[in-house]
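A short write-up of the structure that comes next.
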Amino acid sequence: MTEHIPTGNGPDQPQQAADTTPENPWPLSRLSDNLKHYIERVSPTWIEGQLIEHRLSRGHAWMTMRDLETEMSLPVVAWSRTARNFDAAITEGARVVALVKPNFYTKTGRLTMVVNEMRPVGIGELLARVERLRRTLAEEGLFAPELKMPLPVLPQKIGLITGRNSDAMHDVQRNVWLRWPSAQFEVIHAAMQGPQVGTEVTAALRTLDQDPTVDVIVVARGGGALEEVVLPFSEEILIRTVSGMTTPVVSAIGHEQDRPVLDDVADFRASTPTDAAKTIVPDAAVELAGIADVRVRMAQAVQRLVDVQDQHIAQLRSRPVMAQPTTMITTRVEEIQQILARTRATFAHQLDRGTDQVGQLKARVRALSPQKTLDRGYAVVQHDNTVLRDATAVTVGDELDILVSAGRLSATTTSVTETTQEQYRD
């Protein structure tokens with residue numbers, strides 16, 4: 001008996017793709033039909049990009065569109081009935097918008113993006129987009145003067161973003177080295193035209209901004225057509241990257257008539273790469289001349305100061321006290337001698353007066369001395385170690401001590417006579 005193997009075409013065929021199994025699969029045609037049905041439900045979509053490939057075959061246009069900001073491309077085809085109506089400007093390198101719709105060919109399983117309509121993007125429309133972006137970013141404050149960073153006076157290393165072996169690179173380096181021969185560069189080559197400008201220049205900016213030795217970054221490109229200069233350097237991703245940089249950025253795109261938005265957001269706008277070189281470094285010759293001039297003026301100022309001080313010293317030396325410095329000492333010696341003489345005379349006079357006064361006081365004291373009284377014949381009578389002033393203070397028989405001018409006597413009271421002081425005065 002032969003084993004029956006399901007083919008997936010029977011009535012028990014799964015309704016959903018998730019329900020298929022190795023034992024009960026879908027036929028390839030059903031998957032292709034389902035894909036075609038699903039893809040054909042996608043609405044036609046307008047897309048924008050740059051044509052990097054454009055070739056005609058039997059009236060059909062086989063093309064490849066590249067995204068304007070990222071490395072991404074998409075093959076598209078315009079059948080002859082559509083391609084014959086293309087504008088003459090739709091050529092390789094053109095910036096276009098296309099109305100595309102996916103088409104799935106079931107017999108070969110090929111997915112094709114079919115172009116139903118394609119238009120070149122005119123320069124006027126592109127510039128209008130740039131101006132709308134400029135106004136939007138200005139309203140956000142990205143161009144505010146207070147956000148501009150000052151350029152370093154003398155950068156340690158200069159970051160340079162430019163095309164490989166470009167005239168702009170040579171102009172910047174040559175003019176920088178002419179002004180400051182020891183200047184150093186960190187050069188990153190990037191696309192300066194085409195759809196890769198925004199991506200490559202943005203990546204270069206981020207790389208240099210992360211390098212701590214880079215003090216200033218220059219984005220340099222020579223002049224060129226409007227669409228080659230203004231449009232690539234007005235891409236939003238590039239502008240927002242520059243606004244968030246921590247390193248000053250100099251825009252040296254070299255297009256005077258129409259300014260790219262990069263000029264507005266950069267910290268400094270140079271009209272040309274040569275102008276950028278003259279801005280980011282000082283002129284060594286000018287600086288040396290300035291230093292020499294300052295040295296001359298400093299020497300003159302020092303000389304003037306020395307001359308003024310010399311005159312002042314000469315005036316001081318011409319004064320009498322400096323011409324004969326001993327005069328002041330001699331004068332002071334004479335004054336001191338006079339003061340000493342007056343002091344001595346005054347002291348002698350005061351000493352003499354004091355001596356006289358002491359003599360007078362001594363004479364008076366001696367005149368009042370009890371000894372003088374005794375010397376005149378008076379005596380001091382004491383009784384019981386007490387001077388006797390009243391005769392009635394003793395009685396007959398009391399012992400008396402009598403002090404005379406020269407010596408003492410002892411006596412015994414034999415009689416007492418009372419007499420008043422008035423009698424003595426009489």
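Observations
- Tabulated pairs, the range 18-33, first touching a residue at least 60 places away in the same chain (Cβ under 8 Å), second of a type in the set (Phe, Trp, Tyr) and surrounded by 14 or more Cβ atoms within 10 Å (Cβ to Cβ), C-beta under 9 angstrom, 6+ apart or interchain: Ser32/Phe104
Conditions tested, residue by residue: (1) in a helix (DSSP H, G or I); (2) surrounded by 16 or more Cβ atoms within 10 Å (Cβ to Cβ); (3) in contact (Cβ under 8 Å) with a residue 24 or more places away in the chain.
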| residue | (1), (2), (3) |
| --- | --- |
| Ala98 | no, yes, yes |
| Leu111 | no, no, yes |
| Asn116 | no, no, yes |
| Arg129 | yes, no, no |
| Arg132 | yes, no, no |
| Arg135 | yes, no, no |
| Ala138 | yes, no, yes |
| Leu142 | no, yes, yes |
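- Search result, residues across the range 71-96 that are within 23 Å of Ala191 (Cβ to Cβ) and exposed (fewer than 12 other Cβ atoms within 10 Å of the Cβ): Glu71, Met72, Gly93
- Among (1) farther than 20 Å from Leu262 by Cα; (2) in the same structural domain as Ile217 (by TED's automatic domain parsing) - the single one Thr106 does not satisfy: (2)
- Restricting attention to the range 198-223 and to residues that are in a loop (DSSP other than H, G, I, E, B) and surrounded by fewer than 24 Cβ atoms within 10 Å (Cβ to Cβ), the residue that is nearest to the chain's Cα centre (by Cα) turns out to be Asp215.
- Of the helices (runs of 4 or more DSSP H) lying entirely inside the range 274-368, the ones with 2 or more residues being free of Cβ contacts under 8 Å to residues at least 24 places away in the same chain and of a type in the set (S, T, N, Q) are found at 284-318, 326-367.
- Search result, residues across the range 405-426 that are at pLDDT 80 or above, closer than 25 Å to Gln371 by Cβ and either in contact with a Cys (Cβ under 6 Å, 6 or more places away or on another chain) or not hydroxyl-bearing (Ser, Thr, Tyr) (or both): Ala406, Gly407, Arg408, Leu409, Ala411
The values are calculated or read from the model by the stated rules, or taken from the named source; none is laboratory data. Please read these numbers as outputs of a predicted model, since none were measured by experiment. All Cβ positions, even for glycine, are placed from backbone atoms using ideal geometry, and neighbour counts span all protein chains on display.
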